[in-house]
Amino acid sequence: MTEKPVFLTQQGLEKLEEELNHLCTVRRPEVAHLIHQAKEEGDVSENAGYDEAKNEQAFVEGRILTIQGMLRNASIISRDGPAGEVDLGITVKVAAPGEAPEEYTIVGSAEADPGNGFISNESPVGKALMGHEVGDEIAVKTPNGTLSLKILDMR
């Protein structure tokens, strides 16, 4: 089975690598120490500290595996030259009728952070913007109904 690519900016790749390094070199040893301490307290069958440490260990190991898979399938978003149409890595300024313009950077789902203006190419707005040019008006089907957006600028 071929895993799908994980689209990342260079900054996103570096952030994941830093997180993986932190989990492997700091969190993993911390959790191992907590488990060791809990075991030294005696019977672990009714030891809440042991249970909590084992749950944390499962979370840390799961996150390590997830990040390793993302890095293995990473495809770096590179932008060369001027933006002709909306694509991964493009920052686009859009406005709905009667609303203030907003800027979004189109990224892969692994880096999506809508509160900070990074939207996934798989989100309703990101998907609708892909392939369009400045001046295009698009209709976006969202859970709250259809949203009309005009592309004002992109870089």
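Tabulated data for the structure shown
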read-out: Among (1) over 26 Å from GLN10 (Cβ atoms); (2) modelled with pLDDT of 95 or more, the one test that HIS132 misses; value: (1)
read-out: Which listed residue is in contact with a helix residue (DSSP H, G or I) (Cβ under 8 Å, 6 or more places away or on another chain), modelled with pLDDT of 90 or more and within 27 Å of ASN21 (Cα to Cα), from ILE138, ILE106; value: ILE106
read-out: Selection count, the range 1-47, where residues are modelled with pLDDT of 95 or more and farther than 19 Å from GLY89 by Cα; value: 17
read-out: Test: residue in the range 108-128 that is over 20 Å from the mean Cα position of the chain (by Cα) and of a type in the set (Asp, Glu); value: no
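The values are calculated or read from the model by the stated rules, or taken from the named source; none is laboratory data. Remember, predicted model here, so these are calculated numbers, not experimental data. Quick reminder, even Gly has a Cβ in these numbers, built from the backbone with ideal geometry, and neighbours come from all protein chains shown.
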